[in-house]
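The values are calculated or read from the model by the stated rules, or taken from the named source; none is laboratory data. Just so you know, these numbers come straight off a predicted model, no measurement behind them. Note that we place each Cβ from the backbone using ideal geometry, even for glycine, and neighbour counts take in every protein chain shown.
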């Protein structure tokens, strides 16, 4: 009787999970060929279910657990019930725009188009002169000339990450710009977290990307999610996303070679008057 009673309570518990009492969260999609969902945020814990690439999951909580795990729930194809578990953040992509709440302090500010800076890099506009950029950004860290182009370089932070910020000019007109992220990490998988952080930031500013790719050039570490950061550093794996509108395109990449990783966001103006 005790066993039957326990089974009954388990059935009731899962019935509640599959009903309207389950919180509605944001959607994510599996990008690995196969992905394990664990009972706890630990690879040594029991596997709840293994799901295929393209499976849509729902976030139970928006934050990460132990920095690399996401708490999700999903409709199990095996049991038909809605169950929850933990999946590694490195093997999913978000299907939502990360937004922030902004307090508007003045009437004039409220009248401004909130997307005013969608088409520009930081506070600059395509076609600006070097002096105009200096007025906005201050004295540069370094300047260089190459193949008819002039570049002014700053060392600053963007979304809490150390980076080199480059403004590229042709004929004293701003035509390109880029963030080269310089943050150093002990574990290579943390660079994938940086890529996702920057991707979420760009999505907030420019909307959902036209495309996002996870490209494998060598499958050596493909089945071991904990080594995906290592795979990037060896040139086996590359992450990329593209945004584009009438004014510009933005290309975000996480790539690597010779055991080093490179995370950068490159902006290009598309309608610059000569």
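Return the residues of segment 214-238 that are surrounded by fewer than 13 Cβ atoms within 10 Å (Cβ to Cβ) and within 19 Å of residue 35 (Cα to Cα); say none if nothing qualifies.
215, 218, 219, 223, 224
Does residue 166 satisfy being in a strand (DSSP E or B), in the same structural domain as residue 141 (by TED's automatic domain parsing), touching a strand residue (DSSP E or B) at 6+ places or on another chain (Cβ under 7 Å) and over 16 Å from residue 93 (Cβ atoms)?
Considered against the rule, which asks whether it is in a strand (DSSP E or B), in the same structural domain as residue 141 (by TED's automatic domain parsing), touching a strand residue (DSSP E or B) at 6+ places or on another chain (Cβ under 7 Å) and over 16 Å from residue 93 (Cβ atoms), residue 166 comes out as yes.
So which strands (runs of 3 or more DSSP E) stay within segment 20-89 end to end and still have 3 or more residues that are at pLDDT 85 or above and surrounded by fewer than 17 Cβ atoms within 10 Å (Cβ to Cβ)?
Ranges flagged: 47-52.
Select from segment 224-251 the residues that are more than 19 Å from residue 124 (Cβ to Cβ) and in contact with a helix residue (DSSP H, G or I) (Cβ under 6 Å, 6 or more places away or on another chain) and list them in ascending order.
Those that are more than 19 Å from residue 124 (Cβ to Cβ) and in contact with a helix residue (DSSP H, G or I) (Cβ under 6 Å, 6 or more places away or on another chain): 225, 228, 229, 237, 239, 241.
Would you say residue 98 is at pLDDT below 85, part of a loop (DSSP other than H, G, I, E, B) and within 25 Å of residue 188 (Cα to Cα)?
Considered against the rule, which asks whether it is at pLDDT below 85, part of a loop (DSSP other than H, G, I, E, B) and within 25 Å of residue 188 (Cα to Cα), residue 98 comes out as yes.
Kindly evaluate residue 207 against the criterion of being surrounded by 13 or more Cβ atoms within 10 Å (Cβ to Cβ), on the phi > 0 side of the Ramachandran plot and touching a residue at least 60 places away in the same chain (Cβ under 8 Å).
yes
Hey, any hits in segment 148-162 for a residue that's at pLDDT 90 or above, within 28 Å of the chain's Cα centre (by Cα) and exposed (fewer than 11 other Cβ atoms within 10 Å of the Cβ)?
Scanning segment 148-162, I find at least one residue that is at pLDDT 90 or above, within 28 Å of the chain's Cα centre (by Cα) and exposed (fewer than 11 other Cβ atoms within 10 Å of the Cβ), so the answer is yes.
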